[in-house]
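To start, the structure under review is shown below, and the notes come after it.
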Amino acid sequence: MVQELAIAGVALVCVLLVYAAAAARVVKQYERGVVFRLGRLAGSVREPGFTMVVPMIDRLRKVNMQIVTMPVPAQDGITRDNVTVRV
């Protein structure tokens, strides 16, 4: 009987470890996390660091907050005194 209880205890600990591993998420410093619970927004924005979600019910979407630079093509213009300017 003690052996069956020990096996059940070890199995329970293993299941809890797998659950904790599935629930753990890390949000990087330049990201913010948004949690969707069953498709709807749940709670507030998750700040950078370690966070937990409910597996198979919550989805954590990470949003990159870095500034993205884009090339802008040069444009020609004419001033009031008819001088061509390239900007």
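What angle, in degrees between 0 and 90 and rounded to the nearest 10, separates the Cα long axis of helix 2-23 from the longest principal axis of the Cα atoms of the chain?
Its long axis makes an angle of about 10 degrees.
Would you kindly calculate the translational diffusion coefficient of region 16-66, applying Stokes-Einstein with the Kirkwood radius from alpha carbon pairs, for 20 °C and a viscosity of 1.002 mPa s, and quote it in µm² s⁻¹ without decimals? Don't jump to the answer; show the numbers that get you there.
Details: Rh = 11.2 Å.
My calculation gives 191 µm²/s for D.
Show that you can apply the helix-only estimate: for the chain, add -39,500 (n - 2.57) for every DSSP H stretch of four or more residues, divide by all residues, and state [θ] at 222 nm to the nearest 500.
-9000 deg cm²/dmol
Considering just Cα atoms, how many Å³ per residue does the convex hull of the chain enclose?
Working: hull volume 13.9 nm³, N = 87.
It is 160 Å³ per residue.
So which residue, out of Ala11, Ala42, Ala22, gets the largest mean-square fluctuation from a GNM of the chain using Cα contacts under 10 Å as springs?
Greatest mean-square fluctuation among the candidates belongs to Ala11.
Grab the eigenvalues of the alpha-carbon gyration tensor for region 42-87, scale each by 5, take roots, and send me the semi-axes largest first in whole angstrom.
Working: eigenvalues 516, 19, 18 Å².
Semi-axis lengths for region 42-87 are 51, 10, 10 Å.
Express in Å², to the nearest 10, the accessible area of Asp76 obtained by rolling a 1.4 Å probe over the protein heavy atoms while all chains stay in place.
110
The values are calculated or read from the model by the stated rules, or taken from the named source; none is laboratory data. Worth saying up front: this structure is predicted, and the values here are computed from it rather than measured. Accessible surface is based on the protein model in full, side chains and every heavy atom, while ligands, DNA and RNA are left aside. Shrake-Rupley method; radii C 1.70, N 1.55, O 1.52, S 1.80 Å.
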